[in-house]
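Peer 1: One structure is given below, represented as structure tokens, and several questions about it will come after.
The values are calculated or read from the model by the stated rules, or taken from the named source; none is laboratory data. Just so we're clear, the structure is a prediction, and the values are computed from it rather than from any experiment. Here the Cβ positions follow ideal geometry from the backbone for every residue, glycine too, while neighbour counts run over all protein chains shown. Heavy atoms of the whole protein, side chains included, go into the accessibility calculation; ligands, DNA and RNA do not. Shrake-Rupley method; radii C 1.70, N 1.55, O 1.52, S 1.80 Å.
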Amino acid sequence: FNSPTPVNAPVYVTPVFASPDLLVMLGEGIRQRRRQDVALLDLSRSVSQPVIKSLVVSPQVGEHEFGTARTMAASPATKTIAVGFNRGVALWQVDALDKPATWIPHPQEWREALHITQSLSFSPDGKYLAISVSKGHVGVWDVSKEEPSLIDKPYPDAGSHVALFQGSELGTERTYMVTAKGNGETSLWDI
């Protein structure tokens, strides 16, 4: 498929599946209006035509916080799309894309110019969202509540790349995190 909207510049963001048959691709972003276009492609139909939606965040989100879309993740379990911008992450429900996003600002200690969103990962059940920034710090938010909350202090110098997964231990489902640094060092965390 060719991109049905102008390519997001200056960063290309990999498309994600928000459900088994729904592919989400980022398009043009307008920083001044805090707007991000997405193309939704329903692959369950014999002829797939992209549907373009303009996603917005609250006007209280600053222009420099919003900046540019840099990464995207989706939770098929909760039908949620997360788009990482300069200094925060916006969450949209697939069934309510016309509503303003829930904005998750970076923690106070990540407010420097060098702390740009680098990587996102939902837990398979959609309850947690891990966010890493370019300085290598990682935070995990509980996004299952109406107001997302940081579940612990951010992990300093954990790595610029993050992934959440779940495993069973003694009959109990647990959530784990893997972080990776640019030099290849990888760490496993029990969150």
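Peer 1: Taking the condition small (Gly, Ala, Ser) and surrounded by 23 or more Cβ atoms within 10 Å (Cβ to Cβ), does Ala82 pass?
Peer 2: Yes, satisfied.
Peer 1: If I ask for residues that are farther than 13 Å from Gln32 by Cα and surrounded by fewer than 16 Cβ atoms within 10 Å (Cβ to Cβ), which ones from segment 63-79 would you list?
Peer 2: Within segment 63-79, just Ala77 meets the criteria.
Peer 1: Right, something else. Go through segment 122-144 residue by residue and tally those that are assigned to a strand (DSSP E or B) and polar (S, T, N, Q).
Peer 2: 1
Peer 1: Could you tell me whether any residue of segment 43-62 is under 19 Å from Ile131 (Cβ atoms), open to solvent by 30 Å² or more (accessible area, probe 1.4 Å) and out of contact with any Lys or Arg (no Cβ under 9 Å at 6 or more places or on another chain)?
Peer 2: Taking every residue of segment 43-62 in turn, none turns out to be under 19 Å from Ile131 (Cβ atoms), open to solvent by 30 Å² or more (accessible area, probe 1.4 Å) and out of contact with any Lys or Arg (no Cβ under 9 Å at 6 or more places or on another chain).
Peer 1: Still on this structure, please answer the following. Can you tell me which of Leu91, Leu114 is in a strand (DSSP E or B) and at negative phi?
Peer 2: Leu91
Peer 1: Exactly one of these conditions fails for Glu147: (1) part of a loop (DSSP other than H, G, I, E, B); (2) in contact with a Leu (Cβ under 7 Å, 6 or more places away or on another chain); (3) closer than 30 Å to Ala39 by Cβ. Give me its number.
Peer 2: It is condition (2) that Glu147 fails.
Peer 1: List pairs: first in segment 48-67 and polar (S, T, N, Q), second open to solvent by 80 Å² or more (accessible area, probe 1.4 Å), Cβ under 7 Å, 6+ apart or cross-chain?
Peer 2: So the pair list comes out as Ser58/Pro100.
Peer 1: Just to verify a result, which residue in segment 174-188, among those that are without any contact (Cβ under 8 Å) to a residue 24 or more places away in the chain and open to solvent by 50 Å² or more (accessible area, probe 1.4 Å), is farthest from Ser134 (Cα to Cα)? It would help to see each step written out before you state the result.
Peer 2: Of the residues in segment 174-188, the ones without any contact (Cβ under 8 Å) to a residue 24 or more places away in the chain are 174, 176, 178, 180, 182-184, 188.
This time we only want the ones that are open to solvent by 50 Å² or more (accessible area, probe 1.4 Å), so: 174, 182-184, 188.
Details: Arg174: 27, Gly182: 10, Asn183: 14, Gly184: 15, Leu188: 19 Å.
Applying the filter and picking the extreme gives Arg174.
Quick grid of which residues meet (1) at pLDDT 95 or above; (2) under 23 Å from Thr14 (Cβ atoms):
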{"residue": "Val56", "(1), (2)": "no, yes"}
{"residue": "Glu63", "(1), (2)": "no, no"}
{"residue": "Thr80", "(1), (2)": "yes, yes"}
{"residue": "Phe85", "(1), (2)": "no, yes"}
{"residue": "Gly88", "(1), (2)": "no, yes"}
{"residue": "Leu91", "(1), (2)": "yes, yes"}
{"residue": "Ala96", "(1), (2)": "no, no"}
{"residue": "Pro105", "(1), (2)": "no, no"}
{"residue": "Gln108", "(1), (2)": "no, no"}
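Peer 1: To continue, here is another question. Determine if segment 122-129 includes at least one residue that is farther than 15 Å from Ala163 by Cα and either open to solvent by less than 20 Å² (accessible area, probe 1.4 Å) or touching a residue at least 60 places away in the same chain (Cβ under 8 Å) (or both).
Peer 2: No: zero hits.
Peer 1: Which ones in segment 92-109 are open to solvent by 20 Å² or more (accessible area, probe 1.4 Å), in contact with a strand residue (DSSP E or B) (Cβ under 7 Å, 6 or more places away or on another chain) and among the hydrophobic types (A, V, I, L, M, F, W, C)?
Peer 2: Val94, Trp103
Peer 1: Same structure again: With respect to Arg34, is the statement that it is out of contact with any Lys or Arg (no Cβ under 8 Å at 6 or more places or on another chain), over 17 Å from Val143 (Cβ atoms) and surrounded by fewer than 20 Cβ atoms within 10 Å (Cβ to Cβ) true?
Peer 2: Here the answer is no, as Arg34 does not meet what is asked.
Peer 1: Give the number of residues within segment 136-166 that are open to solvent by 60 Å² or more (accessible area, probe 1.4 Å), more than 14 Å from Leu188 (Cα to Cα) and aromatic (Phe, Trp, Tyr).
Peer 2: Residues that pass the stated criteria total 0.
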